[in-house]
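The structure appears below as structure tokens.
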Amino acid sequence: MQGSRREVTRARGIRRFRRMVLTPMGLLIFFILTPAFLLQLYFSLNQFSIFAAGDNPGFLSYFNASEWVGFELYEAVFTDDKFGAAIIRSLLFSVGATLGCFVFGFGLALLMYRPFRGQAVYYLFFILPMLTVPIVIAYTGEMILYQNGPLNDILSRLIGTRVNVQFLYKQEIALTTIMFMEIWNWTPFSFIIMMAGLASLPKEPQEAAQILGASKLRIFWEVQLPLLRPVILLALILRFLESIAEFPKTYGLLQGGPGSATETLPVYIFLNTWQYFDISYGAALSYVTLLLMMTIVYGAIWLLRREKRNLDAIYTRRAAEGAS
């Protein structure tokens, strides 16, 4: 009876929590995001110009001045070579930044998850980059990475010869430079997730492996790592989704330059919409990007559910072995 009451209370608490979270979100989507999506859909199906309504335009005059073009703008998006190149740049940037953040974050978590004296100081030091505003990182990075800036000067003194690397103004390395800024900025995010994952691991399998004489490396590889797979996948997916939408550092530093070397998806959409004032084409770009991101998100959800099922199967099998 106590167990059933506890389950009923837990289920009631979960329902109450969902209502508290989903109700404000639903209101936000309905009253703010839905009108914006509908207006953007209208713009993507009509050739729209902010200059078409004359010197003293009213709100409705913009719509009267627009011309119905149907799906022509979407056809232009799918045949736009610059849009395809922006997708490739965004994917390369996101994959590199995600892997870099994960490697450094997981490494720091492995060093930090066991308590030791002065641990709080290291926590503060490692988490500080994530608390820094991205545009501040961009401007600080510009000062540090300037051709005659501190980094080249330090490298020159260490090597003994003049180093004059153009970190920001050379097309071949500009995107990589911003990628390293992204890694520095968001490594604490992966660090926090992996710390939580390591702290939540059950101790019984690890203790059993130690009793059987397994080394620390083997325990990590065969016990800890399989149990951490859902957490690892979650950290990778969240970082990938965030990094593919990275805008402040890329635009704040180079505005898509030099040339189009750092013209990622967010930058390309911004340039078309707010610099070239092609609002209709920018709306079509945004909708195509939204569909692309929804596909990635649904794929990520499928992977997370699969990993959860696999982890549940591991726990069920071990519980059955322990009972027998």
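The values are calculated or read from the model by the stated rules, or taken from the named source; none is laboratory data. Only a predicted model underlies this, so the values are computations on that prediction, with no experimental measurement involved. Ideal geometry is used to build each Cβ from the backbone, glycine not excepted, and the neighbour counts take in all protein chains shown.
Let's see how each residue does on (1) assigned to a helix (DSSP H, G or I); (2) within 30 Å of Ser260 (Cβ to Cβ); (3) in contact (Cβ under 8 Å) with a residue 40 or more places away in the chain; (4) in contact with a strand residue (DSSP E or B) (Cβ under 9 Å, 6 or more places away or on another chain):
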{"site": "Thr98", "(1), (2), (3), (4)": "yes, yes, yes, no"}
{"site": "Val103", "(1), (2), (3), (4)": "yes, yes, no, no"}
{"site": "Gly107", "(1), (2), (3), (4)": "yes, no, no, no"}
{"site": "Pro115", "(1), (2), (3), (4)": "no, no, no, no"}
{"site": "Phe126", "(1), (2), (3), (4)": "yes, no, yes, no"}
Residue list for segment 61-86, filter: aliphatic (A, V, I, L, M), in contact (Cβ under 8 Å) with a residue 60 or more places away in the chain and out of contact with any helix residue (DSSP H, G or I) (no Cβ under 6 Å at 6 or more places or on another chain): Val69, Ala76, Ala85
Is segment 152-170 home to any residue that is within 20 Å of Ser90 (Cα to Cα), not in a loop (DSSP other than H, G, I, E, B) and not polar (S, T, N, Q)? no
Provide a single number: the residues in segment 120-152 that are more than 24 Å from Gly252 (Cα to Cα) and either within 20 Å of the chain's Cα centre (by Cα) or charged (D, E, K, R) (or both). 1
In segment 194-219, which residues are in a helix (DSSP H, G or I), touching a Leu at 6+ places or on another chain (Cβ under 9 Å) and at pLDDT below 85? Pro205
Taking the residues in segment 254-290 that are assigned to a loop (DSSP other than H, G, I, E, B), among the hydroxyl-bearing types (Ser, Thr, Tyr) and modelled with pLDDT of 90 or more as candidates, determine which candidate is nearest to the chain's Cα centre (by Cα). Thr264
Could you tell me whether segment 59-73 includes any residue that is modelled with pLDDT of 90 or more, surrounded by 12 or more Cβ atoms within 10 Å (Cβ to Cβ), aliphatic (A, V, I, L, M) and not in a loop (DSSP other than H, G, I, E, B)? yes
Restricting attention to segment 259-294, report how many residues are surrounded by fewer than 15 Cβ atoms within 10 Å (Cβ to Cβ) and within 26 Å of Tyr139 (Cβ to Cβ). 4
Identify the residue in segment 221-250 that is without any contact (Cβ under 8 Å) to a residue 60 or more places away in the chain and surrounded by 16 or more Cβ atoms within 10 Å (Cβ to Cβ) and, among all such residues, is nearest to Ile87 (Cα to Cα). Glu242
